[in-house]
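Some notes on the structure that comes next.
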Amino acid sequence: MASARPDDPLSGPSAAESQREVQKIKEQANDKFKTGDFFSAKCLYSGALELLERCCLQDPKADELWEGIKNNMALCDLKRKEWSRVVDLTTEVLARNSNNPKALYRRAMARLGQGKFTEAQQDLKACLKLEPNNKEARQRLQEVVAQCREASNAEKQQAEKLRGFLQGERLEDSVPISQDGSVRKLHGNENAPLFATWMRREWLEPSSSTLPVVTCHVAFKTAGGKEIWSSRKPPAHSRQEAGPHLMTQPAPVEKPIEPVRFVLHSICDGVFRAWMDAAKTLQLQELGHFEASREALGASVEAAIERCVEKSLPDCPERARTFGSLPEDMQKVARRKQALQILGLPEELCLDPSSAELAGSLRMEMELLAVDTFERLDERTLMSVIREGSKDGALAKDFSKVKAHFRVAKLLLNSSLKDTRLGLASKGDSVILRPDSSREPMTFIIGEEDLGENEGSFVPPFVGRSLLLPPGGAREGMRFELIFLDGLPVSEMDRSIQAAYASGDINPKVMPDTTGPVVVRIELEKVEHDSDEFKGLREERERAEFLEKTENGRHWQKALRRRRRSLRHLRKCLEARRGRLSGIAAGEEAATKNEAGGASLYDFDWGDEEPEENEISSMSSPPPGQAKAVSSSAPPPSSSDHPDDPDASVAGSKSELHRDVDEKKGDGDMEVGLDGITVELLKQFDNDELEEWASAHAAVGRLLVSESAIEASLGSPDQAERHLKKCLEALQVGTSPKDLEVSARLSLAKLLTERGRAQEALEILKPAVQELAPGDAAVKDQWARSSQLDNEQKARDVKGTLQQAKEDLAKAIEAQDKANTLAILERIEALPLTWEAVSATAVGKQIGTCTKSDDPATAALAQRLIGLLHRLAKQERPLWVR
């Protein structure tokens, strides 16, 4: 190499600084790779390569660095399945250095992805010459050799068939691929394995935690070639015959055509057996031809159809009123069609069991496009992670504000029910739905998804619940799919359907509230915790008040969850100050810590809260996937999957399991802030904090006995009473707004009155009547109602006591027991007598008898009582009589 001149920009410190900068960028790219962000990693590697090629290539040490960066770029493309780019990059490396084992291995993997087995075999052999102890390359080579052998045999068989065809032989040979022979593969090799190479037998075990999900195109034709059904064409119900009746009707929106998708396992019994048997024999991207009997089609899912009818469409009075005018056989047909729609089964392939056409068979074509593996979360919920989220990304939790794209589709037919990436576009005279990259993700708060201002901003609540299901939690950048075999509520799909179910316009017994088996795909782009959205408890209270008032109180449960959340944070703050109250100090550091923990309630970290164990559900149906997640340990990646970095290491284990919120109704409901909080501890609050504490308790108490809670059978008067009393207890500790205390006393008095404790209600209401709000109309009205009930209760009590006294007095008179007679008369005199009680018991006769007693004291007392009875009677007379 020529000697460098002093003014050469590539010589001296400038080149060294450039190499250091290249190394720095490469390390940043390595970090991105470790988090799974392969696209960003490749961009950084490209930047480092550009700087290297511009400034440092004359340095002999730069060659090794250049090869490492090119290899890393190839690895990023390999992870993203960009096969052609991997081949191009590794070929560049090998052009400079043909003895680079990593480039050989990665080019072999890319060529495998392209289906070029011979070239891949050559690269793997070259790699093993350089690294004879590379176990992974040796294992891959054995697999490729086996695949090459199978491909060679298939080519020979095809050539033999073609030769036979040219000699006049028939090609309609077939091989049975099902046990009963009802499904046969045409032009098949009877010596070929029953399962394709991608299929694993353990996946078919009933207890398998990993299940394959197949994506393919399927078409059916009769023996004469007439097409019956095809996944490559829109559904029959969306194709309309042309005619005058369509002249004034708008053209229906045309949805994109999607391949079918199903779970290849016995757990999903709503899939045609012919589809399952055929898919097991196909290699990826293979187009297979089959002959399937009707028994392997509609008859194989008949049990699932009957179960769906029994579970979702049973006979009931509501259905009888709706379909009662139809003949019984037509009602049966209508129920069956409804079940097919729920299960997502093509009606053309599901003939009625009584049909005579069941004896025939159909020609079936199936092209296998993809196979994905899903893990079980529970018996009826499956999950597949498409891309892991960023390791440092925020974790989606309850009340988090998120931005995400999502798609909800029927599992079998893969028809989209809701897709945020689809937009309307014109196609001639019609309107079609197609992917639109300009569409923004939906922004919503987990737990409050359906609070959008319009239909376009509505998010199905089950989308938010789904974000809480991934083991370890869903982080920013994560993409995953969930399969719900039992379906999701149709009432949560959009606002109009939700309103129709809530108002009763749609009866769930007539129109079942279920989608049938569905797959939900979520792309989580951004997560913002409440520390960014709500600066403190005042903002949390304002949000709860908004929820309570929105749509006539329909979102009262969401408001209740917000209020309880405030109480949990307030209680944590009190616990942080408990040490100050008890005088326990664990050194200067601990004291400083306690001061910091209790210095300001509005500095409390909202992101660290723990979800409630039990809470009244804010949904009409239970959240999906309420079961323990199946933990699975992935095998450690090989050394060839790491960037060229001397300190490269496997990313750490996944974060802790994020606990889903199990919302239930019952007496076991968590009583937030009710136990263990004494008056002395409340004194650690300042007035603002006391107001928030009291306000939250008052709101919880009010919501638990609201009309909406009672109508939903979710009210809890006992808990409401305890919360309202805790509110009043807190208001006595410090200075508080009068309107808050008046409202709390009014709510508690109303509750106590409704529970038949009018006297206690009057005691609660007395400070409001006498001091706080003597002129308030609501307070006066409640005082009047409580007083009336109290008087009625007292009258009933006096009547019962007076009736007993009358019976005792009659016995004493008959026994001539003068002392007991006098004592009973004294007991009657002490009662708050009313004319209603006296007239109802007719006690005057016994008292009148006592006026003739020879005992002066008894006679005098009896005469006084008779005078009292006369006065009571006179007061009851009308004025004109008086």
*asked:* Which of the numbered conditions does Thr801 fail, given that it passes all the others? Conditions: (1) of a type outside the set (D, E, K, R); (2) at pLDDT 85 or above; (3) farther than 30 Å from Leu731 by Cβ.
replied: (2)
_Hits in region 88-108 (condition: open to solvent by less than 20 Å² (accessible area, probe 1.4 Å) and either outside any helix (DSSP H, G or I) or closer than 11 Å to Leu128 by Cα (or both))_ = Asn100, Leu104, Tyr105
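Which one of Glu575, Glu589 is part of a helix (DSSP H, G or I), at pLDDT 75 or above and over 22 Å from Gly701 (Cβ atoms)? Quick ask: steps written out before the conclusion?
On the way: Glu589 fails: at pLDDT 75 or above.
One residue alone meets the criteria, Glu575.
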*Taking region 59-68, which residues are within 17 Å of Cys43 (Cα to Cα) and free of Cβ contacts under 8 Å to residues at least 60 places away in the same chain?*
Leu65, Trp66, Glu67
*On the given criteria, is Ser415 of a type in the set (S, T, N, Q) and open to solvent by 10 Å² or more (accessible area, probe 1.4 Å)?*
yes
*Considering region 752-777 alone, what residues qualify as being touching a residue at least 24 places away in the same chain (Cβ under 8 Å) and in contact with a helix residue (DSSP H, G or I) (Cβ under 6 Å, 6 or more places away or on another chain)?*
Leu752, Thr753, Ala758, Gln759, Ala761, Leu762, Ile764, Ala768, Leu772, Ala773
*Out of region 259-304, which residues are β-branched (Val, Ile, Thr) and assigned to a strand (DSSP E or B)?*
Val260, Val263
_Suppose we filter region 465-477 for residues that are open to solvent by less than 10 Å² (accessible area, probe 1.4 Å) and either part of a helix (DSSP H, G or I) or modelled with pLDDT of 90 or more (or both); how many remain?_
4
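Given the structure, is Ala860 at pLDDT 85 or above and part of a helix (DSSP H, G or I)?
On the way: at pLDDT 85 or above: yes; part of a helix (DSSP H, G or I): yes.
Yes.
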*Taking region 502-528 only, how many residues are farther than 29 Å from Val271 by Cβ and hydroxyl-bearing (Ser, Thr, Tyr)?*
1
*Across region 693-741, what is the total count of residues that are part of a helix (DSSP H, G or I) and under 16 Å from Pro767 (Cα atoms)?*
11
*Which members of region 500-531 meet the condition of being farther than 24 Å from Ser384 by Cβ and out of contact with any helix residue (DSSP H, G or I) (no Cβ under 9 Å at 6 or more places or on another chain)?*
Ser503, Gly504, Glu528
_Here's a check for you: in region 170-200, which residue that is modelled with pLDDT of 80 or more, assigned to a loop (DSSP other than H, G, I, E, B) and hydrophobic (A, V, I, L, M, F, W, C) is surrounded by the fewest Cβ atoms within 10 Å (Cβ to Cβ)?_
Trp198
*Residues in region 253-303 that are without any contact (Cβ under 8 Å) to a residue 60 or more places away in the chain and surrounded by fewer than 21 Cβ atoms within 10 Å (Cβ to Cβ): how many?*
5
*State whether one or more residues within region 791-814 are open to solvent by less than 20 Å² (accessible area, probe 1.4 Å), among the β-branched types (Val, Ile, Thr) and either out of contact with any Pro (no Cβ under 8 Å at 6 or more places or on another chain) or not in a helix (DSSP H, G or I) (or both).*
no
*asked:* Looking at region 708-726 only, could you name the residues that are among the acidic types (Asp, Glu) and more than 16 Å from Leu752 (Cα to Cα)?
replied: Glu711
*Considering region 841-856 alone, what residues qualify as being small (Gly, Ala, Ser) and surrounded by 14 or more Cβ atoms within 10 Å (Cβ to Cβ)?*
Gly844, Gly848, Ser853
*Residue tally, condition under 24 Å from Pro517 (Cα atoms) and open to solvent by 30 Å² or more (accessible area, probe 1.4 Å), over region 307-321*: 6
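Within region 305-324, is there a residue that is in a helix (DSSP H, G or I), of a type in the set (A, V, I, L, M) and within 29 Å of Ala223 (Cα to Cα)? Give the derivation first.
We begin by selecting, within region 305-324, every residue in a helix (DSSP H, G or I); these are 305-312, 317-323.
Restricting the remaining residues to those that are of a type in the set (A, V, I, L, M) gives 305, 309, 320.
Applying the additional criterion that residues be within 29 Å of Ala223 (Cα to Cα) yields 305.
Yes.
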*Unmet requirement for Gly115, which otherwise passes all of (1) open to solvent by 20 Å² or more (accessible area, probe 1.4 Å); (2) under 30 Å from Arg387 (Cβ atoms); (3) assigned to a helix (DSSP H, G or I)*: (3)
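For residues that are within 14 Å of Glu729 (Cβ to Cβ) and touching a residue at least 40 places away in the same chain (Cβ under 8 Å), tally how many sit in region 676-699.
Residues of region 676-699 that are within 14 Å of Glu729 (Cβ to Cβ), as a first pass: 676-683, 685, 690-691, 693-698.
Remaining after also requiring touching a residue at least 40 places away in the same chain (Cβ under 8 Å): 677, 679-683, 685, 690-691, 693-698.
Of the residues in that region, 15 qualify.
How many residues, within region 379-399, are under 14 Å from the mean Cα position of the chain (by Cα) and not β-branched (Val, Ile, Thr)? Walk me through it before giving the result.
Quick first cut of region 379-399, residues under 14 Å from the mean Cα position of the chain (by Cα) only: 381-383, 396-399.
With not β-branched (Val, Ile, Thr) added as a condition, the list becomes 382-383, 396-399.
Number satisfying all stated conditions: 6.
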_What pairs come out if I take residues in region 499-523 that are closer than 30 Å to Ala396 by Cβ and pair them with residues that are of a type in the set (Lys, Arg) and assigned to a loop (DSSP other than H, G, I, E, B) whose C-beta lies under 9 Å away, six or more apart or interchain?_
Ala502/Arg554; Glu523/Arg421
*Filter pass, Ser361 being open to solvent by 40 Å² or more (accessible area, probe 1.4 Å), among the small types (Gly, Ala, Ser) and in contact with a Gly (Cβ under 9 Å, 6 or more places away or on another chain)*: no
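Can you tell me which residues in region 437-464 are acidic (Asp, Glu) and modelled with pLDDT of 80 or more?
Just the residues of region 437-464 that are acidic (Asp, Glu), to begin with: 440, 448-450, 453, 455.
Within region 437-464, Glu440, Glu448, Glu449 qualify.
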*Return the only residue of Glu763, Glu826 being part of a helix (DSSP H, G or I), open to solvent by 20 Å² or more (accessible area, probe 1.4 Å) and over 30 Å from Gln732 (Cα atoms).*
Glu826
_Search result, residues across region 499-517 that are of a type in the set (S, T, N, Q) and surrounded by 16 or more Cβ atoms within 10 Å (Cβ to Cβ)_ = Asn507, Thr514, Thr515
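From the list Asn507, Asn552, which residue is not aliphatic (A, V, I, L, M) and not in a helix (DSSP H, G or I)?
Details: Asn552 fails: not in a helix (DSSP H, G or I).
Of Asn507, Asn552, the one residue that is not aliphatic (A, V, I, L, M) and not in a helix (DSSP H, G or I) is Asn507.
The values are calculated or read from the model by the stated rules, or taken from the named source; none is laboratory data. Bear in mind that the values here come from a model prediction, so they are computed numbers and not experimental data. Reconstructed Cβ throughout: ideal geometry from the backbone, glycine too, with neighbour counts over all protein chains shown. The area values use the complete protein model at the heavy-atom level, side chains included, leaving out ligands, DNA and RNA. Shrake-Rupley method; radii C 1.70, N 1.55, O 1.52, S 1.80 Å.
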